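What follows is a set of notes on a single structure, which appears directly below.
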Amino acid sequence: MKIAIDVTPILPGGECGGVKQLVMELIRGFGERASLDTFVLMTSFYNDEIFREYEKYGIRRICIRKESPERLPTLWGRVANRARMKIKSYFGHGVLRENDISVLFCPMTAPTYHETGIPTVSIVCDLQHLYYPTFFSAAELGHRNNFYSQFKKRVDYVISISEYTKKSIVEKLSFPDGKVFSIPICVQSRLAIPSPELTASVLGEFSLTGKKYCIYPANLWPHKNHKILFTAFNMFTKQYLNYDLHLVLTGAKIENNKIIDDAVKQMDLGEKIHFMGYLAEDELSAIWHGSHFLIFPSLFEGFGIPLVEAMMYGKPILASNVTSIPEVAGNAAIYFDPRKPDEIVDALRKLLENEEVYNNLVNNGQRQIRNFNFNDMVDQYIAVLHRAGGHK
């Protein structure tokens, strides 16, 4: 079977969040485990080189978006591009038919290059806009609502990244239950266990040598709840001076950075909070390895990749008790209400004052991580793609 994978929306850097790493892992898995299938990557001018490494698996690339590289596509630019592709598809000259594609796979959700008669499978990571509409501008909210009304007409099967997200898709979008498949995200190979020399070098570079710190790897999006975290961290550091705890933040910067920066300054936390920005994979692995635990106060998650990464590195978890997070973290976390700073403070105290609690969470994480196996994940994706293409 010949399967096209639309990776055109993937941007360089970390702006796409954890889903970018999921896509990269899936493509590698397809190359390693689906030897009877042929895969074609549909790329853009700004990301084509990112996917060159998959040539070793015989995976071909087609750069179908060749706009001027002077600027990345705007929202309206994407809309115009979709319109052009729809016209081509209508007249029977779409890129899928031209390349004899059996199934279109859209890991970034949008079925932009859908062609009538060719089955389409999309990943839906979450429906956050239906739960937290205030986190989106009126224009973006309108775009998303319109997008999902059209989405249901063009997508044949949906893959969700958690049972929580599957339930949301069925209930909120009225998508048939039998056409939505929940496949959890596996432990990702991109983050290896670093050598002691690398860890020491990276910690020294970021002035973290000898410091006890927790890590929160998350882009500065509103639902990641950084302001409440800072409030709780400020309360904790003022109340429990003896722990001398630091907070390390990683992830791509976004528009509301000034709001975040101002909050840190007002609380006088400049020496305790370390903004790392978007890190190279070897740097991030070293930061993970040197951390004491993961703190994860997110208000909304379709899955929560850092939860699995924490288990991989043998780190306990403090996390929100909402959405998909308890499903993923299981017994490897102490939970709190992410809207209540005092509960976050209490969770920090419980973990830091009791070594037995700390070790139990680590051990529970080693058991919980067995639920997130790479080969199982890839095989389940292949099975859905084959089902869409009519193969048993």
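The values are calculated or read from the model by the stated rules, or taken from the named source; none is laboratory data. Bear in mind the structure is a predicted one, so any value in this text is a computation, not a measurement. We place every Cβ from the backbone using ideal geometry, glycine too, and count neighbours over all the protein chains shown. These accessible areas exclude ligands, DNA and RNA; they are computed on the full protein's heavy atoms, side chains included. Shrake-Rupley method; radii C 1.70, N 1.55, O 1.52, S 1.80 Å.
Being modelled with pLDDT under 95 and either under 13 Å from Asn47 (Cβ atoms) or open to solvent by 10 Å² or more (accessible area, probe 1.4 Å) (or both) is the filter here; which residues of region 15-27 pass it? Those that are modelled with pLDDT under 95 and either under 13 Å from Asn47 (Cβ atoms) or open to solvent by 10 Å² or more (accessible area, probe 1.4 Å) (or both): Glu15, Cys16, Gly17, Gly18, Val19, Lys20, Gln21, Val23, Met24, Glu25. Taken over region 381-392, the criterion of being part of a helix (DSSP H, G or I), touching a residue at least 40 places away in the same chain (Cβ under 8 Å) and either open to solvent by 30 Å² or more (accessible area, probe 1.4 Å) or β-branched (Val, Ile, Thr) (or both) is satisfied by Ile382, Val384, His386, Arg387. Screening Val357 on (1) under 25 Å from Pro196 (Cβ atoms); (2) surrounded by fewer than 18 Cβ atoms within 10 Å (Cβ to Cβ); (3) of a type in the set (Val, Ile, Thr) shows it passes everything except condition (1).
Of everything in region 167-198 that's basic (Lys, Arg) and assigned to a helix (DSSP H, G or I), which residue is farthest from Tyr131 (Cα to Cα)?
Per the criteria, the residue is Lys179.
Filtered by the rule that a residue be closer than 21 Å to Arg339 by Cβ and either aliphatic (A, V, I, L, M) or crowded, with 16+ Cβ neighbours inside 10 Å (or both), region 228-242 gives Ile228, Leu229, Phe230, Thr231, Ala232, Phe233, Asn234, Met235, Phe236, Thr237. Against the list (1) surrounded by fewer than 18 Cβ atoms within 10 Å (Cβ to Cβ); (2) in contact (Cβ under 8 Å) with a residue 24 or more places away in the chain; (3) in a helix (DSSP H, G or I), the condition Val378 fails is (1).
Quick grid of which residues meet (1) open to solvent by 10 Å² or more (accessible area, probe 1.4 Å); (2) closer than 25 Å to Ile101 by Cβ:
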site: Arg154; (1), (2): yes, yes
site: Ile169; (1), (2): no, yes
site: Ser174; (1), (2): yes, no
site: Phe181; (1), (2): yes, yes
site: Val187; (1), (2): yes, no
site: Glu197; (1), (2): yes, no
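May I ask you to list the residues in region 347-375 that are within 30 Å of Ile27 (Cα to Cα) and outside any helix (DSSP H, G or I)? Once the filter is applied, which keeps residues that are within 30 Å of Ile27 (Cα to Cα) and outside any helix (DSSP H, G or I), region 347-375 yields Phe372, Asn373. Which residue is modelled with the lowest pLDDT, if the candidates are limited to region 75-108 and must be of a type in the set (Val, Ile, Thr) and surrounded by 19 or more Cβ atoms within 10 Å (Cβ to Cβ)? Out of the qualifying residues, it is Val95. The residues on offer are Ser207, Ser201, and the sole one that is small (Gly, Ala, Ser), open to solvent by 60 Å² or more (accessible area, probe 1.4 Å) and in a loop (DSSP other than H, G, I, E, B) is Ser207. Here Thr134 meets each of (1) outside any strand (DSSP E or B); (2) open to solvent by less than 50 Å² (accessible area, probe 1.4 Å) with one exception, condition (2). Consider Arg339 carefully, then state whether it is closer than 30 Å to Asp37 by Cα and open to solvent by 30 Å² or more (accessible area, probe 1.4 Å). Spelling it out, it is not the case that Arg339 is closer than 30 Å to Asp37 by Cα and open to solvent by 30 Å² or more (accessible area, probe 1.4 Å). Any residue at all in region 199-217 that's over 24 Å from Pro338 (Cβ atoms), in contact with a strand residue (DSSP E or B) (Cβ under 9 Å, 6 or more places away or on another chain), without any contact (Cβ under 8 Å) to a residue 24 or more places away in the chain and among the β-branched types (Val, Ile, Thr)? Scanning region 199-217 turns up no residue that is over 24 Å from Pro338 (Cβ atoms), in contact with a strand residue (DSSP E or B) (Cβ under 9 Å, 6 or more places away or on another chain), without any contact (Cβ under 8 Å) to a residue 24 or more places away in the chain and among the β-branched types (Val, Ile, Thr).
Could you list all residues from region 329-346 that are of a type outside the set (Ser, Thr, Tyr) and either out of contact with any helix residue (DSSP H, G or I) (no Cβ under 9 Å at 6 or more places or on another chain) or outside any helix (DSSP H, G or I) (or both)?
Within region 329-346, Ala333, Ile334, Phe336, Asp337, Pro338, Arg339, Lys340, Asp346 qualify.
A count restricted to region 275-328 and to residues that are in a loop (DSSP other than H, G, I, E, B), surrounded by fewer than 22 Cβ atoms within 10 Å (Cβ to Cβ) and in contact with a Pro (Cβ under 9 Å, 6 or more places away or on another chain) stands at 5.
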